[in-house]
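The values are calculated or read from the model by the stated rules, or taken from the named source; none is laboratory data. Remember, it's a predicted structure, so these values are computed and weren't measured experimentally. Cβ placement follows ideal geometry from the backbone for every residue including glycine, while neighbour counts extend to all protein chains displayed. For accessibility, only protein heavy atoms count, side chains too; no ligands or nucleic acids. Shrake-Rupley method; radii C 1.70, N 1.55, O 1.52, S 1.80 Å.
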Amino acid sequence: MTPIYLDNQATTPLAPEVLDAMLPWLKDNFGNPHSPHVLGRRAAAAVEVARDQVAALLPDNGQVIFTGSATEAINLAMGAARNRQGRDQIAVIDTEHAAVRDTALWYGTQGFETSLLPVDRQGLVVLEELEACLGEKTALVGAMLVNNEIGTIQPVTRIAEMVHRAGALLLCDAVQGFGRLDIPQHADLIALSGHKIYGPKGIGALWVRDGIRLPPLIHGGGQEQGIRSGTLSPALCVGLGTAAKICAERREQDMVHIAALADKARGLFCDWTVNGSLDQRYAGNLNIRRDGIDVARLMSDTRGVAFSAGSACASGSGRPSHVLAALGLEPAQIKSSIRLGFGRYNSIEEVERAGHLINQAAETQLS
Ligand code: PLP
């Protein structure tokens, strides 16, 4: 039996329209987009249409580079710190995804100073701490748009102003917000991922503001303007482009639907406490806790619902959640937290059924 899927922050199902758009590029249109003959040129044209579809959701004054994942896009983006002469500090919000946080910590072993910026109980970066941390040594700051574990929306525009005043660059991990929320116009580098927007896995993109130089991570044939070598997959590019286009077209509809699912869930889980901000939050994320619940047992008793343990770092590494810890939650509270993620293809009935199953299992434990 297929479980009710409430883990849309981990990944989203492929939109049917995306699959249809991809299939021809996996069948007859097999040309290498970097070949000069007709099959190659046809594939290259499809890649450029896809690039434009992604770029349509991003600021005007930059370019989109396709990558294999958002993690790769973030690693590529952070290389910009190397080109900031005399600046050797990287600061990232403590609740960033491992793709940003761990890469920043790795830079800390490579001659950079890494600073982790604290958040308040809501998960919002403490702006006074950011201000105090910024200086003439700051090369790059990482601030995510929507947190993948608790859904908190960071004030990225405000952060960008502060970062630019200090002469540093702002990298925005927009993976969980792209296609859903307005993209901050003043970030310098923006990372996104195909599989979080009902597109395929194995593709991401980095938007780079004009004038920013990036040292390549992958060397070779010089594709993607020499910044990211390797033959592009037209199918994956078309998938990402189509997914972005559909997100833009359905944005209102998706938001209304997801808000309705979230409202329903908030009612069903009224005995639980919400982790993170109630108002500065992407509605499709509900991270909640209930004292005394053993989440491992809850999950095994609720196999009909696919959801996440809030205590497990959502990067899938099995590490405890650094995000819930950064909010100041006690270990027992972290261990009794779950994350429900609603998406375009969930129905109200599914949320009702999932709420019933999870609450029933919780009550059994507590009785
Ligand atoms: N950043 C955030 C906020 C994410 O949620 C994820 C995926 O979970 C990533 C980065 C990494 O994305 P990808 O799976 O494309 O590497």
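Okay, helix-only estimate at 222 nm for the chain: each DSSP H run of n ≥ 4 adds -39500 (n - 2.57), divide by all residues, round to 500 deg cm²/dmol; what do you get?
Result for the chain, helices only: -11000 deg cm²/dmol.
Full extension from residue 248 to residue 126: what is 0.36 nm times the residue separation minus their Cα-Cα distance, to one decimal in nm?
Separation in residues times 0.36 nm, less the Cα-Cα distance, equals 40.8 nm.
Considering only protein heavy atoms, what per residue accessible area in square angstrom results for the range 16-245 with a 1.4 angstrom probe?
With the other protein chains kept in place, the range 16-245 gives 39 Å² per residue.
Who wins for biggest fluctuation among 256, 92, 175 in a Gaussian network model of the chain, springs between alpha carbons below 10 Å?
Answer for the Gaussian network model of the chain: 256.
Of the heavy-atom accessible surface of the chain (probe 1.4 angstrom), what whole percent is carbon and sulfur?
Carbon-and-sulfur percentage of accessible area, whole number: 52.
Beyond a 32 Å Cα-Cα separation, which of these cross-linked pairs lie in this structure: 201/264; 201/335; 137/201; 264/335; 245/335; 196/264?
Violating the 32 Å Cα-Cα cut-off are 137/201; 245/335.
Could you pull out the trypsin sites (Lys or Arg not before Pro) across the range 1-106 that fall in loop regions by DSSP (anything but H, G, I, E, B) with no more than 12 other Cβ atoms inside 10 Å?
Those satisfying the criteria are 27.
Can you list the aspartates and glutamates whose alpha carbon sits under 20 Å from that of residue 27, skipping same-chain ones fewer than 8 residues off?
Within reach: 17, 48.
Do you know the relative contact order of the range 16-245, to the nearest whole percent, from alpha carbon pairs under 8 angstrom that are 6+ apart?
It rounds to 29 percent for the range 16-245.
Taking the range 208-268, which trypsin sites (Lys or Arg not before Pro) meet the DSSP loop condition and have no more than 13 other C-beta atoms within 10 Å?
Sites meeting the loop and neighbour criteria: 213.
For the chain, what proportion of DSSP beta bridges, expressed in % and rounded to the nearest 5, is antiparallel?
Roughly 55 percent of the DSSP beta bridges within the chain come out antiparallel.
Would you give the gap between the C-alpha center of the range 154-193 and the C-alpha center of the range 338-356, rounded to a whole Å?
Value for the Cα centre distance between the two parts: 30 Å.
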